[in-house]
Amino acid sequence: MSDEKSLEQQEQGLEGVQGEEITADLAQPQSPRRREFIKGAAMAGAAAGAVSVAMHELDLVKPAHAAEGGIEGTPMAEKWWPSKWGKEDQVGATNWMSPKTTMDAASQIKSGKVYSLGRVYEVGMPLFGARVFALRIPGAPTGGAYGKNQTLWHDEILTTEIGQVGTQFDGLGHIGCRTGKPGESSKEVYYNGFSTTDLHNNSEAQGSTVGAYGLQKLGVHNVKPFFTRGILFDVMGLKGRMLDKGEEITVADLKACLQRQGMSEADVTEGCAAMWRTGWGEALWMKDNARFNSGEPGIGVEAANWLISKGISVGAADCWAIEVVPNPDPNLAFIVHQMFITRNGIHILENVRLDHLAADKVYKFAFIFSPLPIKGATGSPGNPLAVA
Ligand code: UVW
């Protein structure tokens, strides 16, 4: 398929992802191909009925009209703004951070052991689509020698989608929802009702200007640093195996994890950082990138709604999108991203390491992470910490 055709089809929005033809070849040999997602989703069609019944039973998902701002027949049906944190809010669920969450997190620290949840950023790590990671050292060394003491130094130049590679924190400007026609920037809606027009600070008549140099709204520099309770759902431990691509983690699975881990729903507190271990990352990261990128296990609509109802501040997992890909409902693409980020201001943290926490049976800990305040960026790299 030509690039032109695939772009044209992407312009068709949600309708477009239903068809077999929307199969943008995402450039890199190891990159995920949407054809495989869609095919997988079709094979999972039997499960889709059950999922949609559950969706309609949930309070958080109410039907509405596209004219009111949503997409009828999806979890994005209802107009989702203004935010419960006010119509100007740009920090979403990081509003939960407070001295109370800090003290609660601190009370989880029993041994003082620190776990790095971040992966090393390096050439050869799996990347979504045609994203790149290229680091160069100018000069050998870059500069010097200065002074009688002959000081040398090295710098680096990094070309990458800085917030969207490796261990990555998705900010609120990363994911939106088209509620109008292609090209209607004011109807491409993000968290708290901000539109593409707002994010790029341009009018539809003027074309894109300022926003090319960083998002003017919902940039990741706005968010508050995390110091909160972290909880791990060891789904791999529960199942005794790595989960497979397209395998959905259910609410029953999450509750079974809590029970197995000697915890209860009371441990899923407002503002906590919730993480689920699938085994996908520890088995496949830089070992089989093609399979890693071909889809993944993760939560779906049902578990997302449950976690939203608990008031989590961030959802994290050891895979590249934290959600089930392909979604069992073939009409849905990256729906958990929209439910968390766009509708509820809940952040997403992808490609984290969780195996060492599971090995030590650390299921509750202090979660500490300060996204890099890169003005106008869509996300942040970094090394989140769990302190047990
Ligand atoms: C997309 O950007 C679609 O996905 P992710 O946030 O998983 O990188």
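Some values worked out for this structure:
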| item | result |
| --- | --- |
| Pairwise FRET efficiency - Lys361 versus Ser107, Cβ, R0 = 22 Å, nearest 0.05 | 0.75 |
| Per residue accessible area of region 282-388, 1.4 Å probe, in Å² | 26 |
| Separation of the Asp288 and Arg136 label points, Cα + 7 Å toward Cβ, nm | 3.6 |
| Spread of Cα-to-Cα distances over 10 Å intervals beginning at zero, given as percent, for region 153-203 | 23, 35, 27, 11, 4, 0 |
| Spatially proximal lysines relative to Lys79 (Cα-Cα < 16 Å; intrachain offsets below 8 disregarded) | Lys62, Lys87, Lys187 |
| Three-way shape call for region 138-274 based on the alpha-carbon gyration tensor, with the a/c threshold at 1.5 | oblate |
| Those lysines that a straight Cα-Cα span of less than 19 Å connects to Lys361, excepting residues fewer than 8 apart in one chain | Lys110, Lys113, Lys239, Lys255 |
| Solvent exposure ordering (accessible area, 1.4 Å, most first) of Met103, Met242, Met76 | Met103, Met242, Met76 |
| Residues of region 126-165 with amide N under 20 Å of the 7 Å Cα→Cβ point at Ser370 | 163 |
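The values are calculated or read from the model by the stated rules, or taken from the named source; none is laboratory data. Because the structure is a prediction, the values reported are computed rather than measured. Heads up, the Cβs are rebuilt from the backbone with ideal geometry, glycines too, and the neighbour counts pull from every protein chain shown. Calculation scope for accessible area: heavy atoms of the full protein, side chains included, ligands and nucleic acids excluded. Shrake-Rupley method; radii C 1.70, N 1.55, O 1.52, S 1.80 Å.
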